[in-house]
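Inspection log for the structure reproduced underneath, given as structure tokens.
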Amino acid sequence: MFVDEVDIRVSAGDGGRGCMSFRREKFVPRGGPDGGDGGTGGSVYIVASAHLNTLVTYRFHPEFHAARGTHGQGSNRTGHDGDDLVLEVPIGTVVYERAEASEADPGALRLVGDLARADQRPLVARGGHGGRGNARFATSTNRAPRRAEPGLEGERKTLALQLKLIADVGLVGFPNAGKSTLISRVSSAHPKIADYPFTTLTPHLGVVSLSDDRSFVMADVPGLIKGAHAGQGLGDRFLRHVERTKLLVHLVDVSGASGRDAVADFETIRRELSLFDEALVRKPQLGVANKIDALDDPALLPRLERRMRDFSIPLFPISAVTGQGVPALLEAIWSALDAAKAKTTEDALVAGTTSFE
Ligand SMILES: Nc1nc2c(ncn2[C@@H]2O[C@H](COP(=O)(O)OP(=O)(O)OP(=O)(O)O)[C@@H](O)[C@H]2O)c(=O)[nH]1
Ligand SMILES: [Mg+2]
């Protein structure tokens, strides 16, 4: 089960109580104060782990508590600190804190951390400090303080976790365009393929290997239709998985079997992408005319090519079923990725930063 959005509640441990106690010793009539401090409560951390690829475990288990600090004791014994709690999430998870929600308002989100790299580990709820024991309150004028503090409460938070897959290339297009057929041909990913729309209900990642140890990760994103940004079809909820890709591959069905015009399909999807986020259409893009084995209007290809050229998008005719044109497409994807990487590096240099990846 693929789960890419979930709310969880985390509570850090409360601090232990400070102790009030006085020394009792044989032959010492009045011992001084010896109440120890309470221990600190455990904190909650979230860590990005390469071993996970969905948030599904949190769907069924959304409440987490770190251990509390134990209370201080006599003879100046400090309470034990509570153990921290570390929750693992897949790399690519974005962690938000949700403001107090009400029935009408689901609560505004504040970004806590974007876990794009393994082992990033933000603190999400801090454990409470332990209270001070009465030994701490002794002064020259008050040698027998009858005062100790309670521990402080640990932080309690509602977090919204959102997974954004990390792929180099995102495949976008209408349902039935052949996205899943292509990814299963070029990688070992095997999403369901069938001759009806919305076959693929969740994103799939595939590693595409080329000669000379070159490889990249491709994401098959469930089909988009007109009105996706307003929730039509599966809506645009999966589009955030292509937000981080360096390149979009826009697949269009040119077989004519859909009964729609391929050029209009291209324009529709482009519009849906820009309505979701203008930055998506500014990404480098490649166009793919799929199903050329079943092309019945030869005039369609030049027409589509011309329209894509208006946006500087090159067009690659392929058949995901027979494999025709696929090697050339993969090489073009590789070159475009290379160019995109070089550009990121250049931008980073221009911006004067030295820490680019
Ligand atoms: N003739 C022909 N049929 C193809 C080609 N590529 C895909 N198909 C067929 O088109 C249908 C849809 O393919 P899918 O790969 O499931 O399409 P999709 O884009 O993943 O569709 P959704 O998951 O619904 O968004 C299947 O019946 C495929 O066999 C092709 O190159 N030529
Ligand atoms: Mg599919």
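Readers should treat all values here as calculations from the given coordinates under stated rules, not as data from a laboratory. Being a predicted model, the structure only gives us computed values, none of them experimental. Here the Cβ positions follow ideal geometry from the backbone for every residue, glycine too, while neighbour counts run over all protein chains shown.
Would you kindly state how much longer the chain becomes between Asp195 and Glu100 on full extension, computed as 0.36 nm times their sequence separation minus their alpha carbon distance, in nm to one decimal?
29.7 nm
Exposure proxy check: His65, His51, His190, His241 ranked by fewest other beta carbons within 10 Å?
So the ranking, lowest neighbour count to highest, is His51, His190, His65, His241.
Return P(r) of segment 162-277 (all Cα-Cα pairs; 5 Å bins starting at 0; whole %; ordered from short to long distances).
Bin by bin from 0 Å, the calculated values are 2, 12, 23, 25, 20, 11, 4, 1, 0.
Considering segment 201-266, what Rg and Dmax in Å follow from its alpha-carbon atoms?
14.3, 44
If you average the sequence gap of Cα pairs under 8 Å that are 6 or more apart and divide by the length of the chain, what percent do you get for the contact order?
Normalised by residue count, the contact order of the chain is 15 percent.
Which order, highest average first, do 191-201, 6-16 follow once you tally other Cβ atoms within 10 Å for each residue and take the mean per peptide?
6-16, 191-201
What number, rounded to the nearest 500 deg cm²/dmol, is the helix-based mean residue ellipticity at 222 nm of the chain, given -39500 (n - 2.57) per DSSP H run of at least four residues and division by all its residues?
After summing the helix terms and dividing by residue count, I get -5500 deg cm²/dmol.
What number, in percent, do you get for the relative contact order of segment 1-164 if the mean sequence gap of Cα pairs under 8 Å and at least 6 apart is divided by its residue count?
36
With a ≥ b ≥ c taken as the square roots of the eigenvalues of the C-alpha gyration tensor of segment 169-350, please select rounded if a/c is under 1.5 and otherwise prolate if a/b is larger than b/c or oblate if it is not?
rounded
How charged is the neighbourhood of Glu153? Take every other residue with its Cβ under 15 Å from the Cβ of Glu153, and add Lys/Arg as +1 and Asp/Glu as -1.
+3
If I require 15 Å or longer along the helix axis, counting alpha carbons, and a Kyte-Doolittle average no lower than 1.0, what helices from the chain are left? Use full DSSP H segments.
Going by DSSP H runs, there are no hits.
Each label point is 7 Å from the Cα along the Cα-to-Cβ direction; what then is the distance between the points at Ala144 and Ala294, in nm?
9.4
Kindly state, as a whole number, the per residue volume in cubic angstrom of the convex hull around the alpha carbon atoms of segment 1-164.
145
Given the C-alpha centroids of segment 3-38 and segment 51-73, what is the distance between them in whole angstrom?
22
Over the Cα atoms of the chain, Rg to Rh with Kirkwood Rh, two decimal places?
1.21
Listed here are the pairs Lys226/Lys341; Lys192/Lys291; Lys283/Lys341; Lys179/Lys246; Lys164/Lys343; Lys192/Lys341; which of them are more than 20 Å apart at the Cα?
Over 20 Å Cα-Cα: Lys226/Lys341; Lys164/Lys343; Lys192/Lys341.
Can you work out the FRET efficiency for the pair Ala230 and Asp83, with r the C-beta to C-beta distance and R0 = 35 Å, to the nearest 0.05?
Step by step, r from the Cβ atoms, then E = 0.15.
Given Cα pairs under 8 Å that are at least 6 residues apart, what percent is the relative contact order of segment 150-216?
Taking the mean separation of contacting Cα pairs over the length of segment 150-216, I get 25 percent.
Treat the count of other C-beta atoms within 10 Å as a stand-in for reagent exposure and order Thr70, Thr268 from fewest to most.
Ranked by crowding around the Cβ, least crowded first: Thr268, Thr70.
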